[in-house]
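Colleague: Handing you a structure now.
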Amino acid sequence: MKTIIIALTALFLPATAMATQDSVVIVTSAGSQPTAIGAADYFTGSVKVDSRFQRSSPARIGGGVVSFDAGARTAWHTHPLGQTLMVTSGTGWVQQWNSEIQSIKTGDVVWIPPGVKHWHGASASQPLVHIAISESLEGSSVTWMEKVTENQYPR
């Protein structure tokens, strides 16, 4: 089947394009990947990651759907090329180092610039789900740091 798809794809590509797997549209069906549990080194509380993706070079894009139970959050971290969060449900917070906490809710889009130390997650009383998108630089899309303390997290 793969050979047929590649052969058919070649019919629609310019003569200069190579008909490889990289030139075929790939659909990853919902639920076809196992849910990943947020690692305790990088998250506080119950966090799940679904629909993960990381594209190969020359693309650098990656991300997933991240679900935070009430009170759950990331550790402090940075992204070398920044990060976009699209809140799909719930309410939560995002905070840049040495700045005020900002509330986020369903429908909000959050841009975190490259190299900005921050954390994000659910509010203390409600869960949060967001789509997280970032790009890799030299094979890395995140640098994890210390956990958000109970004194830093609002109650």
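Colleague: Just checking, does the stretch 95-114 include any residue being touching a residue at least 60 places away in the same chain (Cβ under 8 Å) and among the small types (Gly, Ala, Ser)?
Modeller: No, that holds for no residue.
Colleague: Run GLY115 past the list (1) touching a strand residue (DSSP E or B) at 6+ places or on another chain (Cβ under 6 Å); (2) within 27 Å of ALA30 (Cα to Cα); (3) small (Gly, Ala, Ser) and report the number of the one that doesn't hold.
Modeller: So GLY115 meets the others, but not (2).
Colleague: For the stretch 107-155, give me each residue that is under 14 Å from the mean Cα position of the chain (by Cα), surrounded by fewer than 19 Cβ atoms within 10 Å (Cβ to Cβ) and not in a strand (DSSP E or B).
Modeller: Scanning the stretch 107-155 gives SER136, VAL142.
Colleague: I'm checking my understanding of the structure. Among residues of the stretch 76-90 that are in contact with a Leu (Cβ under 8 Å, 6 or more places away or on another chain) and assigned to a loop (DSSP other than H, G, I, E, B), which one is surrounded by the most Cβ atoms within 10 Å (Cβ to Cβ)?
Modeller: Once the filter is applied, the top-ranked residue is PRO80.
Colleague: Please determine, by comparing only the residues of the stretch 40-75 that are assigned to a strand (DSSP E or B) and of a type in the set (A, V, I, L, M), which one is farthest from ILE133 (Cα to Cα).
Modeller: Of the stretch 40-75, the ones assigned to a strand (DSSP E or B) are 43-44, 47-54, 61-68, 73-74.
Right, trim to of a type in the set (A, V, I, L, M) and you get 47, 49, 61, 65-66.
Details: VAL47: 17, VAL49: 12, ILE61: 7, VAL65: 9, VAL66: 10 Å.
Checked the stretch 40-75; the qualifying residue farthest from ILE133 (Cα to Cα) is VAL47.
Read the figures in this text as sums done on the coordinates, not as results from a lab. Note that the coordinates shown come from a computational prediction; the quantities given were computed from them, not determined experimentally. No Cβ is skipped: glycine too gets one built from the backbone with ideal geometry, and neighbour counts run over all protein chains shown.
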